[in-house]
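The values are calculated or read from the model by the stated rules, or taken from the named source; none is laboratory data. All values derive from a computational prediction rather than experimental measurement. Every residue, glycine among them, receives a Cβ derived from its backbone with ideal geometry; neighbour counts consider all protein chains shown.
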Amino acid sequence: MNDILNKLHEAAASPRAQMDGYLSQGKKIVLCAPVYTPEEIIHSMGFVPMGAWGGDVALNRAKEYCPAFLCAIVQSLLELGINGAYEGASAIVIPSRETPSSAALARSFSPSPVSMISHFH
């Protein structure tokens, strides 16, 4: 049981290493922003759904692409994407009504082909 918990802890503590492991196996990663991403649909299409990680990051360049009132989580994801944290991801799904930053977030994944998918609820 401890082995299983340790493996889960390692995956949660180092998402980049987990992502690199999937990429080395030739798998395509679709990042999922919290909390309403339909991960089952992503998985059914043959992609690996992976939670977009992040947190306390200074918002510098993200503010160039989106209004100040945009959700702080989306702004953080954008900043991390611009800084290369998600290099290698094929797409990101942001299930939100706050889509003004869609194009900017997609551009932050360059040169990877990226789709921006919004799910309205």
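Mind listing whichever residues of the range 1-23 are under 18 Å from the mean Cα position of the chain (by Cα) and free of Cβ contacts under 8 Å to residues at least 40 places away in the same chain?
Hits for the range 1-23 are A11, A12, A13, S14, P15, A17, Q18, G21, Y22.
Of these, S90, S101, S110, which one is modelled with pLDDT under 60 and out of contact with any helix residue (DSSP H, G or I) (no Cβ under 6 Å at 6 or more places or on another chain)?
Going through S90, S101, S110 in turn, the sole match is S110.
Mind checking which helices (runs of 4 or more DSSP H) fall wholly inside the range 1-97 and carry at least 3 residues that are loosely packed, with under 14 Cβ neighbours inside 10 Å? Full working, then the answer.
Numbers: elements: 2-13, 15-24, 39-44, 72-82.
In the range 1-97, 2-13, 15-24, 39-44 are the helices (runs of 4 or more DSSP H) which contain 3 or more residues that are loosely packed, with under 14 Cβ neighbours inside 10 Å.
In this structure, is A33 hydrophobic (A, V, I, L, M, F, W, C) and within 12 Å of the chain's Cα centre (by Cα)?
Details: hydrophobic (A, V, I, L, M, F, W, C): yes; within 12 Å of the chain's Cα centre (by Cα): yes.
So A33 passes the test.
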